[in-house]
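Reading through the C-alpha coordinates given below for one structure.
The values are calculated or read from the model by the stated rules, or taken from the named source; none is laboratory data. All values derive from a computational prediction rather than experimental measurement. Cβ placement follows ideal geometry from the backbone for every residue including glycine, while neighbour counts extend to all protein chains displayed.
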Amino acid sequence: MSGRGLAWALLILSASGAAAPAAEGPRLPVRAMFLAERLGGRIVAEAQIERHAAPPAPEAFPAAPPHPRCRAATSGGLLRLSLVLRLELPGRSAIRIENHLWMEPEHAAPCFLLRTRRGLKDYEQAFRFSPRGAVRRQREPATAREAELPPARWTRTGEHRYPFPEECASVLETSGLFYRMLAGGGAERAGEEALCVFHKRQVHRVQLEEEDLEEIAFDYLEQAGDARERRSGKTAACGLRVSSRPVGTYRGEAEEFLKDGTRLVLRRDGRVPLSAGFEVPLVGWVDLQLVELVWE
(Lines give C-alpha, C1' and ligand atoms only; values in the text may rest on other atoms or scores of the structure.)
Protein backbone atom coordinates (compact mmCIF):
# COMPACT_ATOMS: atom_id res chain seq x y z
CA MET A 1 0.00 0.00 0.00
CA SER A 2 1.22 3.50 -0.77
CA GLY A 3 1.91 6.10 1.90
CA ARG A 4 -1.30 7.81 0.87
CA GLY A 5 -3.30 4.59 1.21
CA LEU A 6 -1.80 4.07 4.66
CA ALA A 7 -2.59 7.57 5.80
CA TRP A 8 -6.26 7.45 4.89
CA ALA A 9 -6.67 3.93 6.23
CA LEU A 10 -5.73 5.47 9.57
CA LEU A 11 -8.22 8.30 9.43
CA ILE A 12 -10.93 6.30 11.14
CA LEU A 13 -12.86 9.36 12.10
CA SER A 14 -14.71 9.07 8.76
CA ALA A 15 -17.46 7.62 6.35
CA SER A 16 -19.84 4.99 4.60
CA GLY A 17 -22.85 4.51 2.39
CA ALA A 18 -25.30 5.74 5.03
CA ALA A 19 -27.46 8.79 4.64
CA ALA A 20 -25.29 11.89 4.77
CA PRO A 21 -24.93 13.48 8.23
CA ALA A 22 -26.54 16.84 8.88
CA ALA A 23 -24.40 19.99 8.90
CA GLU A 24 -24.09 19.89 12.70
CA GLY A 25 -23.71 16.13 12.51
CA PRO A 26 -23.81 13.46 15.19
CA ARG A 27 -21.73 13.38 18.34
CA LEU A 28 -18.22 12.47 17.24
CA PRO A 29 -14.78 12.35 18.78
CA VAL A 30 -12.73 15.49 18.13
CA ARG A 31 -9.41 13.73 18.65
CA ALA A 32 -8.27 10.13 18.70
CA MET A 33 -4.81 8.63 19.05
CA PHE A 34 -3.80 5.15 17.89
CA LEU A 35 -0.63 3.14 18.46
CA ALA A 36 1.05 0.03 17.06
CA GLU A 37 4.45 -1.50 17.80
CA ARG A 38 6.16 -3.80 15.32
CA LEU A 39 9.69 -4.94 14.52
CA GLY A 40 11.11 -2.75 17.27
CA GLY A 41 9.40 0.38 15.93
CA ARG A 42 6.34 2.48 16.77
CA ILE A 43 3.53 3.80 14.56
CA VAL A 44 1.56 6.65 16.10
CA ALA A 45 -1.48 8.28 14.46
CA GLU A 46 -3.50 11.22 15.74
CA ALA A 47 -6.78 12.08 14.00
CA GLN A 48 -8.86 15.22 14.58
CA ILE A 49 -12.22 16.59 13.47
CA GLU A 50 -12.87 20.34 13.45
CA ARG A 51 -16.37 21.69 12.78
CA HIS A 52 -16.95 25.16 11.31
CA ALA A 53 -13.36 25.36 10.08
CA ALA A 54 -12.33 28.37 8.03
CA PRO A 55 -11.37 27.60 4.42
CA PRO A 56 -7.63 27.59 3.70
CA ALA A 57 -5.89 30.35 1.78
CA PRO A 58 -6.90 29.91 -1.90
CA GLU A 59 -3.42 30.76 -3.20
CA ALA A 60 -2.06 27.63 -1.50
CA PHE A 61 -4.03 25.47 -3.97
CA PRO A 62 -4.13 25.17 -7.77
CA ALA A 63 -6.80 27.01 -9.74
CA ALA A 64 -10.00 25.13 -10.61
CA PRO A 65 -13.74 25.83 -10.98
CA PRO A 66 -15.21 26.19 -7.47
CA HIS A 67 -17.32 23.34 -6.13
CA PRO A 68 -20.84 24.82 -5.61
CA ARG A 69 -21.38 22.86 -2.38
CA CYS A 70 -18.05 24.03 -1.00
CA ARG A 71 -18.78 27.64 -1.89
CA ALA A 72 -22.23 27.43 -0.22
CA ALA A 73 -20.74 25.91 2.95
CA THR A 74 -17.93 28.45 3.32
CA SER A 75 -20.03 31.03 5.20
CA GLY A 76 -21.14 28.44 7.75
CA GLY A 77 -17.75 26.77 7.94
CA LEU A 78 -16.34 23.58 6.50
CA LEU A 79 -15.53 20.33 8.24
CA ARG A 80 -11.79 19.75 8.57
CA LEU A 81 -10.43 16.21 8.97
CA SER A 82 -6.77 15.99 9.94
CA LEU A 83 -4.32 13.16 10.46
CA VAL A 84 -0.74 13.22 11.65
CA LEU A 85 1.06 9.90 11.26
CA ARG A 86 4.55 9.18 12.59
CA LEU A 87 6.60 6.07 11.83
CA GLU A 88 9.50 5.55 14.23
CA LEU A 89 11.65 2.70 12.91
CA PRO A 90 14.99 1.41 14.22
CA GLY A 91 18.07 2.68 12.41
CA ARG A 92 16.42 5.44 10.39
CA SER A 93 14.92 8.90 10.74
CA ALA A 94 11.24 9.21 11.62
CA ILE A 95 8.73 9.43 8.76
CA ARG A 96 5.93 11.98 9.23
CA ILE A 97 2.79 12.15 7.06
CA GLU A 98 0.14 14.86 7.47
CA ASN A 99 -3.28 14.97 5.76
CA HIS A 100 -5.76 17.83 6.05
CA LEU A 101 -9.09 17.67 4.19
CA TRP A 102 -11.60 20.53 4.10
CA MET A 103 -15.02 19.08 3.30
CA GLU A 104 -18.62 20.27 2.91
CA PRO A 105 -20.24 18.43 5.83
CA GLU A 106 -23.78 17.75 4.63
CA HIS A 107 -22.89 15.69 1.54
CA ALA A 108 -19.21 14.93 2.33
CA ALA A 109 -18.16 16.82 -0.82
CA PRO A 110 -14.36 17.33 -0.85
CA CYS A 111 -13.14 20.93 -1.23
CA PHE A 112 -9.40 21.13 -0.47
CA LEU A 113 -6.79 18.56 0.50
CA LEU A 114 -3.26 19.26 1.72
CA ARG A 115 -0.85 16.45 2.48
CA THR A 116 2.87 16.36 3.18
CA ARG A 117 5.45 13.63 3.77
CA ARG A 118 8.82 14.18 5.42
CA GLY A 119 11.56 11.63 6.01
CA LEU A 120 10.90 9.45 2.93
CA LYS A 121 10.73 10.94 -0.59
CA ASP A 122 9.55 14.29 0.77
CA TYR A 123 6.68 16.05 -0.97
CA GLU A 124 3.74 18.40 -0.50
CA GLN A 125 0.51 17.85 -2.44
CA ALA A 126 -2.29 20.44 -2.62
CA PHE A 127 -5.61 19.35 -4.20
CA ARG A 128 -8.58 21.48 -5.19
CA PHE A 129 -11.82 19.65 -6.06
CA SER A 130 -14.67 20.49 -8.40
CA PRO A 131 -17.80 18.38 -9.12
CA ARG A 132 -16.14 16.76 -12.14
CA GLY A 133 -12.51 16.44 -11.18
CA ALA A 134 -9.50 17.23 -9.02
CA VAL A 135 -6.38 19.32 -9.64
CA ARG A 136 -3.15 18.57 -7.80
CA ARG A 137 -0.10 20.77 -7.36
CA GLN A 138 2.97 18.90 -6.10
CA ARG A 139 6.19 20.28 -4.66
CA GLU A 140 9.38 18.32 -3.99
CA PRO A 141 12.84 19.40 -2.85
CA ALA A 142 15.36 19.48 -5.69
CA THR A 143 18.33 18.75 -3.38
CA ALA A 144 18.99 17.32 0.07
CA ARG A 145 19.83 20.83 1.26
CA GLU A 146 16.55 22.16 -0.09
CA ALA A 147 14.69 19.39 1.79
CA GLU A 148 15.65 21.14 5.04
CA LEU A 149 13.60 24.19 3.98
CA PRO A 150 9.79 24.61 4.32
CA PRO A 151 7.78 23.07 1.43
CA ALA A 152 6.86 26.53 0.12
CA ARG A 153 10.53 26.95 -0.87
CA TRP A 154 10.89 23.65 -2.72
CA THR A 155 11.56 24.25 -6.40
CA ARG A 156 10.61 20.99 -8.13
CA THR A 157 6.92 21.50 -8.95
CA GLY A 158 4.23 20.01 -11.17
CA GLU A 159 0.49 20.18 -11.71
CA HIS A 160 -1.88 17.37 -12.72
CA ARG A 161 -5.60 17.14 -13.49
CA TYR A 162 -7.74 14.09 -12.74
CA PRO A 163 -11.22 14.08 -14.36
CA PHE A 164 -13.95 12.09 -12.64
CA PRO A 165 -15.75 9.39 -14.70
CA GLU A 166 -19.17 10.24 -16.12
CA GLU A 167 -20.74 7.20 -14.45
CA CYS A 168 -20.17 8.72 -10.98
CA ALA A 169 -22.80 11.34 -10.19
CA SER A 170 -20.91 12.32 -7.02
CA VAL A 171 -17.44 11.48 -5.78
CA LEU A 172 -16.07 11.31 -2.24
CA GLU A 173 -12.44 11.71 -1.21
CA THR A 174 -11.04 8.84 0.87
CA SER A 175 -11.24 10.58 4.22
CA GLY A 176 -14.80 11.69 3.49
CA LEU A 177 -15.67 8.04 2.92
CA PHE A 178 -14.38 7.11 6.36
CA TYR A 179 -16.09 10.08 8.01
CA ARG A 180 -19.44 8.81 6.78
CA MET A 181 -18.53 5.31 7.96
CA LEU A 182 -18.24 6.53 11.53
CA ALA A 183 -20.88 9.26 11.47
CA GLY A 184 -23.49 7.62 9.29
CA GLY A 185 -23.63 4.00 10.41
CA GLY A 186 -21.44 2.13 7.97
CA ALA A 187 -22.24 -1.23 9.57
CA GLU A 188 -25.95 -0.83 8.85
CA ARG A 189 -25.32 -0.13 5.17
CA ALA A 190 -22.48 -2.53 4.50
CA GLY A 191 -23.05 -4.61 1.39
CA GLU A 192 -25.13 -1.99 -0.44
CA GLU A 193 -24.18 -0.28 -3.70
CA ALA A 194 -20.53 0.72 -3.96
CA LEU A 195 -19.55 4.39 -3.68
CA CYS A 196 -17.33 6.39 -6.02
CA VAL A 197 -14.21 7.49 -4.14
CA PHE A 198 -11.24 9.48 -5.46
CA HIS A 199 -7.96 8.19 -4.10
CA LYS A 200 -4.48 9.24 -5.14
CA ARG A 201 -4.93 9.57 -8.93
CA GLN A 202 -8.19 7.92 -9.93
CA VAL A 203 -11.72 7.03 -8.83
CA HIS A 204 -12.61 3.64 -7.35
CA ARG A 205 -15.85 1.82 -6.57
CA VAL A 206 -15.63 1.04 -2.86
CA GLN A 207 -17.74 -1.41 -0.90
CA LEU A 208 -17.91 -2.44 2.76
CA GLU A 209 -18.42 -5.88 4.20
CA GLU A 210 -19.56 -6.32 7.80
CA GLU A 211 -18.46 -9.04 10.20
CA ASP A 212 -19.45 -9.71 13.81
CA LEU A 213 -16.59 -9.80 16.28
CA GLU A 214 -16.97 -11.16 19.81
CA GLU A 215 -14.95 -10.27 22.89
CA ILE A 216 -12.59 -7.67 21.43
CA ALA A 217 -10.17 -6.33 24.06
CA PHE A 218 -9.77 -2.55 24.47
CA ASP A 219 -7.80 -0.21 26.72
CA TYR A 220 -7.89 3.55 26.16
CA LEU A 221 -8.16 6.87 27.99
CA GLU A 222 -11.43 8.73 27.35
CA GLN A 223 -12.00 12.44 27.94
CA ALA A 224 -15.23 14.46 27.80
CA GLY A 225 -14.85 18.03 29.04
CA ASP A 226 -12.75 17.95 32.20
CA ALA A 227 -13.61 14.32 32.99
CA ARG A 228 -10.96 11.70 32.16
CA GLU A 229 -11.51 7.97 32.62
CA ARG A 230 -9.62 4.80 31.71
CA ARG A 231 -11.75 2.39 29.65
CA SER A 232 -10.65 -1.23 29.47
CA GLY A 233 -12.15 -4.68 29.12
CA LYS A 234 -13.77 -6.68 26.34
CA THR A 235 -16.79 -5.91 24.17
CA ALA A 236 -18.75 -7.11 21.16
CA ALA A 237 -17.62 -5.27 18.05
CA CYS A 238 -18.30 -4.81 14.36
CA GLY A 239 -15.61 -5.17 11.72
CA LEU A 240 -15.94 -3.25 8.45
CA ARG A 241 -13.73 -4.60 5.67
CA VAL A 242 -12.97 -2.44 2.64
CA SER A 243 -12.93 -3.83 -0.91
CA SER A 244 -12.62 -1.85 -4.12
CA ARG A 245 -12.20 -1.86 -7.88
CA PRO A 246 -10.85 0.97 -10.04
CA VAL A 247 -13.09 2.83 -12.46
CA GLY A 248 -11.10 2.84 -15.67
CA THR A 249 -7.35 3.43 -15.51
CA TYR A 250 -4.81 6.17 -14.89
CA ARG A 251 -2.56 6.48 -17.97
CA GLY A 252 -3.40 2.92 -18.90
CA GLU A 253 -2.76 1.36 -15.51
CA ALA A 254 -5.16 0.65 -12.66
CA GLU A 255 -3.98 1.96 -9.30
CA GLU A 256 -4.65 0.33 -5.98
CA PHE A 257 -7.06 1.82 -3.45
CA LEU A 258 -6.69 0.49 0.10
CA LYS A 259 -5.47 -3.09 0.03
CA ASP A 260 -8.47 -5.44 0.14
CA GLY A 261 -8.95 -6.65 3.70
CA THR A 262 -8.24 -3.27 5.30
CA ARG A 263 -10.51 -3.31 8.34
CA LEU A 264 -11.97 -0.87 10.85
CA VAL A 265 -13.29 -2.19 14.18
CA LEU A 266 -16.08 -0.28 15.98
CA ARG A 267 -17.75 -0.94 19.32
CA ARG A 268 -21.26 -2.36 18.97
CA ASP A 269 -22.55 -0.15 21.81
CA GLY A 270 -21.33 3.07 20.16
CA ARG A 271 -19.41 4.43 17.17
CA VAL A 272 -16.07 4.24 18.98
CA PRO A 273 -13.25 3.15 16.61
CA LEU A 274 -11.20 0.56 18.52
CA SER A 275 -8.63 -0.46 15.89
CA ALA A 276 -7.63 -0.48 12.24
CA GLY A 277 -5.77 -3.21 10.35
CA PHE A 278 -3.76 -2.38 7.24
CA GLU A 279 -0.36 -2.67 5.57
CA VAL A 280 2.34 -0.14 6.44
CA PRO A 281 5.28 0.68 4.12
CA LEU A 282 8.60 -0.73 5.39
CA VAL A 283 6.78 -2.59 8.19
CA GLY A 284 4.05 -4.85 6.80
CA TRP A 285 0.59 -5.59 8.18
CA VAL A 286 -0.24 -3.96 11.52
CA ASP A 287 -3.26 -3.49 13.81
CA LEU A 288 -3.36 0.02 15.24
CA GLN A 289 -5.08 0.19 18.64
CA LEU A 290 -7.02 3.10 20.12
CA VAL A 291 -5.15 4.57 23.14
CA GLU A 292 -6.85 7.95 23.67
CA LEU A 293 -10.23 9.43 22.73
CA VAL A 294 -11.51 13.01 23.28
CA TRP A 295 -15.19 13.90 22.78
CA GLU A 296 -16.60 17.26 21.73
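Of the residues making up the stretch 126-178, those that are of a type in the set (Lys, Arg) and over 17 Å from His199 (Cα atoms) are Arg139, Arg145, Arg153, Arg156.
Scanning the stretch 208-236 for residues that are of a type in the set (Gly, Ala, Ser) and touching a Lys or Arg at 6+ places or on another chain (Cβ under 6 Å) yields Ala217, Ala236. I'd like the full set of residues that are among the charged types (D, E, K, R) and surrounded by 19 or more Cβ atoms within 10 Å (Cβ to Cβ), limited to the stretch 97-121. Those that are among the charged types (D, E, K, R) and surrounded by 19 or more Cβ atoms within 10 Å (Cβ to Cβ): Glu104, Arg115, Arg117. Checked across the stretch 73-83, the condition of being surrounded by fewer than 16 Cβ atoms within 10 Å (Cβ to Cβ), in contact (Cβ under 8 Å) with a residue 24 or more places away in the chain and not acidic (Asp, Glu) holds for at least one residue. The requirement of being closer than 29 Å to Val44 by Cβ, surrounded by 14 or more Cβ atoms within 10 Å (Cβ to Cβ) and in contact (Cβ under 8 Å) with a residue 60 or more places away in the chain is fulfilled nowhere in the stretch 148-158; no residue meets it.
Only one of the numbered conditions (1) free of Cβ contacts under 8 Å to residues at least 24 places away in the same chain; (2) outside any strand (DSSP E or B) is violated by Glu98, and that is (2). Considering the stretch 214-231, the residues that are among the hydrophobic types (A, V, I, L, M, F, W, C) and buried (at least 16 other Cβ atoms within 10 Å of the Cβ) include one that is nearest to Glu193 (Cα to Cα), namely Ile216. Checking each residue in the stretch 263-275 for being modelled with pLDDT under 80 and either more than 28 Å from Leu35 (Cα to Cα) or under 20 Å from the mean Cα position of the chain (by Cα) (or both) picks out only Arg271.
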